[in-house]
Amino acid sequence: MNLFGLYVPGGTWLHRLGVGWKYLFLLALTVPVLLLALPWPSLAALVVSGLLLASTRVGARLAFALPWALWVLLAVLAGYQLAIERPDLAVVVSANLVTAIYASRLLTLTTPGPVLIDALVAALRPFRRLGVNPERVGLAIAIMVRSVPMLLDTVAQVRQAARARGRDRNLFALVTPVVVRAVGQAQATGAALAARGLGES
């Protein structure tokens, strides 16, 4: 399962909305609640992000499903806050994390990846005088977005192969091949960029 979702074509108002407004939605849903750190604003932002996500009509599973690993993380974070007798922070941390994911999905499910990256590059151009290279930032993000599904596919393949050999509970047998393949892919990507003169400072 892709955590932040992949673009799903559609004709809803969020699909038609300009990408700049979607980035503003993302900031409006996530930044204020991080600064306030109060349960009710965090829960309100979670409800609003859920309603907005439902309006994309991409299907409940794509919109709202969360990977099991994230549920474990949420349980650990909330459990820690409860252990230190801060139930309010247990609500805030859990709600803010899910809100951030849902708000990100508003972007990624309704806007093609290249459009998102082009908008980000355009927003960074005023910072060029400060030493920021917008095109290089966009390239880095594009590589990251492309690499995440490949890494997840590698994990699935390695897990399936380990299960076939009865070694699916051996953490070393699962992690080592994934790391080796990830490093190999990174080296191949770096070599391809260097061959085109894109890896030079």
Of LEU24, LEU62, LEU52, LEU116, the only residue that is in contact (Cβ under 8 Å) with a residue 40 or more places away in the chain and over 16 Å from the mean Cα position of the chain (by Cα) is LEU52
### Query
Is it the case that ALA191 is touching a Gly at 6+ places or on another chain (Cβ under 9 Å) and modelled with pLDDT under 85?
yes
Of the candidates LEU109, LEU97, LEU52, LEU35, the one satisfying the condition of being within 30 Å of VAL137 (Cβ to Cβ) and loosely packed, with under 13 Cβ neighbours inside 10 Å is LEU35
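Residue-wise test of (1) closer than 11 Å to LEU106 by Cβ; (2) among the aliphatic types (A, V, I, L, M).
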position: TYR23; (1), (2): yes, no
position: TRP40; (1), (2): no, no
position: GLY50; (1), (2): yes, no
position: ARG57; (1), (2): no, no
position: LEU62; (1), (2): no, yes
Selection from region 87-103 of residues touching a residue at least 40 places away in the same chain (Cβ under 8 Å) and hydroxyl-bearing (Ser, Thr, Tyr) yields THR99, TYR102
Within region 69-80, is even one residue modelled with pLDDT of 90 or more and under 30 Å from ASN133 (Cα atoms)? no
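Test VAL93 against the stated conditions and say whether it is more than 16 Å from ALA63 (Cα to Cα), of a type in the set (A, V, I, L, M) and touching an Asp or Glu at 6+ places or on another chain (Cβ under 8 Å). First the steps, then the outcome.
Details: more than 16 Å from ALA63 (Cα to Cα): yes; of a type in the set (A, V, I, L, M): yes; touching an Asp or Glu at 6+ places or on another chain (Cβ under 8 Å): no.
The answer is no for VAL93.
The values are calculated or read from the model by the stated rules, or taken from the named source; none is laboratory data. This is a predicted model, so every value here is computed, not measured. Methodologically, a virtual Cβ is constructed for each residue, glycine included, from the backbone with ideal geometry; neighbour enumeration extends over all protein chains shown.
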